[in-house]
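Data block below; observations after.
The values are calculated or read from the model by the stated rules, or taken from the named source; none is laboratory data. Not measured: the values here are computed from a predicted model. Ligands, DNA and RNA are stripped out before the accessible areas are found, and what is left, the full protein with its side chains, is counted by its heavy atoms. Shrake-Rupley method; radii C 1.70, N 1.55, O 1.52, S 1.80 Å.
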Amino acid sequence: MSGLQVTEKASAVSNSADDVEHDDAAEPVEPDTPAVPTAIQHQDDEAPAARAASSRRVSLSVRTLIASVVILMLVGGVVVMTWLYLGERDAVRGRQSQAANYQHAEQIALDYAVNAATMNFHDLNTWKAKLVNGTTPSLNDKLTKAATSMEQILVPLEWNSTAQPLVAKVRSDTHGIYVVDTFVSVLTKTTQAPDNLQSTATYSITIDSSSNWQISDVGGIGAVAGAK
């Protein structure tokens, strides 16, 4: 009886071990995997998005920089072109103004020279008036005295002369004071030259534009009388 109980107990132990082994084989236990914290998972998810956003910012910054440089270059080009245009415009205006002043001075000198070379011993007062017309007060006085002296020569010679303009050219320009070389063709008839003597009278005429374009000096007045 005692041997049978031992055998049954051993059989029960054996069956219990088989059940345990069967349960282990049927349901294998996997090793535990450590849990990943939620915050780390969010960081991992956000990393690619952050890199993409940073890349876009860098790309935008480069494009903005390039656009800024191009705009600055365009603005600089416009400024330079405007400066050159204004400078050239001022230069052209300066040349035009100078040419107009030269022409005005030359015309004044030419008109004066023609009047100075045109004389008629019958009407020397008209010649005297034209001789001092448009001159400064100091030159007016000098020319009046010179005309009075020349009258002593012109009347006895029965001087009669006419003049035609040839050319006038500004020789110098000093702060608006123009020295003009002027040439006129003169036909002169006197008691010593009854057959019209052809000559060229030369005048050096100084004109001061700052004094209402008055004539401040004349050289060569005696050249006409010297052509007798």
Next on the checklist: Using the Karplus curve 6.51 cos²θ - 1.76 cosθ + 1.60 with θ = phi - 60°, what ³J(HN,Hα) values do you get for each residue of segment 159-174, in whole Hz, with x for Gly and Pro?
Outcome noted: 5, 9, 9, 10, 9, 10, x, 10, 7, 9, 9, 5, 8, 8, 9, 10
Checklist outcome for this item: Taking only protein heavy atoms and a 1.4 Å probe, the highest-to-lowest accessible-area order of Val62, Val92 is Val62, Val92
Checklist outcome for this item: Phi angles of segment 137-154, converted by Karplus (6.51 cos²θ - 1.76 cosθ + 1.60, θ = phi - 60°) into ³J(HN,Hα) in whole Hz with x for Gly and Pro, give x, 5, 5, 3, 5, 4, 5, 4, 5, 5, 5, 4, 5, 5, 4, 5, 9, 5
Checklist entry - Cα atoms only, segment 56-129: Rg and Dmax in Å? => result 31.0, 103
Next on the checklist: If amide hydrogens are placed 1.01 Å from N in the peptide plane, which non-local residues have theirs closer than 5 Å to the one on Val180?
Outcome noted: Arg171, Ile205, Thr206, Ile207
Next on the checklist: How much accessible area per residue does segment 85-228 have, counting only protein heavy atoms and a probe of 1.4 Å, in square angstrom?
Outcome noted: 55 Å²
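Given a 1.4 angstrom probe, I'd like the percentage of the accessible area of segment 109-228 that is carbon and sulfur, rounded to a whole number. Intermediate results must be reported in sequence, preceding the final value.
Numbers: 3100 of 6130 Å².
The computed percentage sits at 51.
Take Ile108, Ile177 and sort them by solvent-accessible surface of the protein heavy atoms, 1.4 Å probe, largest at the top.
Working: Ile108 40, Ile177 70 Å².
Most to least solvent-accessible, the answer reads Ile177, Ile108.
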Item to check | Order of exposure, largest accessible area first, which applies to Val75, Val218 with probe 1.4 Å | outcome: Val75, Val218
